[in-house]
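Enquirer: There's a structure below that I have some questions on.
A short reminder: the numbers here are calculations on the coordinates, not readings from a lab. For clarity, every value in this text was computed on a predicted model and none was experimentally measured. Cβ placement follows ideal geometry from the backbone for every residue including glycine, while neighbour counts extend to all protein chains displayed.
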């Protein structure tokens, strides 16, 4: 489990892809911890969860974002189109 202060401290140190992924993994761990706590004792339905998460599906988003970044080297391996190339299509 990560405290909000710890998450904020790690966020302030994000300076490149590697440190971004470290931050994203810490967020994922915090979200998973909250899900575990919520199974034991659910929070009220219209407020934040045990660790303060407002969105119960953010874990799936973070997992997908991390997987994409790692598999594609942040898109570098995908030969992504520039904005100009997208407009021409």
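Enquirer: Helix 58-72 against the longest principal axis of the chain: what's the angle in degrees, Cα atoms only, rounded to the nearest 10?
Expert: So the inclination is approximately 30 degrees.
Enquirer: Same structure, new question: Using only Cα atoms, find the angle between the long axis of helix 17-40 and the longest principal axis of the chain, and express it within 0 to 90 degrees, rounded to the nearest 10.
Expert: Approximately 30 degrees, to the nearest ten.
Enquirer: Same structure, new question: Counting other C-beta atoms within 10 Å, which of 82, 19 has the fewest, and how do the rest follow? The partial results should precede the final answer.
Expert: Working: 82 8, 19 13.
Starting with the residue having the fewest Cβ neighbours, the order is 82, 19.
Enquirer: If I model a spin label at residue 40 and residue 21 as a point 7 Å from the Cα along the Cα→Cβ vector, what separation in nanometres do I get?
Expert: Result for the modelled spin labels: 3.1 nm.
Enquirer: When the scattering of the chain is computed by the Debye formula from its Cα atoms alone, each counted once and equally, what is log10 I(q)/I(0) at q = 0.12, 0.17, 0.20, 0.22 Å⁻¹?
Expert: So the normalised log intensities work out to -0.50, -0.80, -0.96, -1.07.
Enquirer: GNM, the chain, Cα, under 10 Å: largest mean-square fluctuation among 75, 49, 59?
Expert: Of the options given, 75 has the highest mean-square fluctuation.
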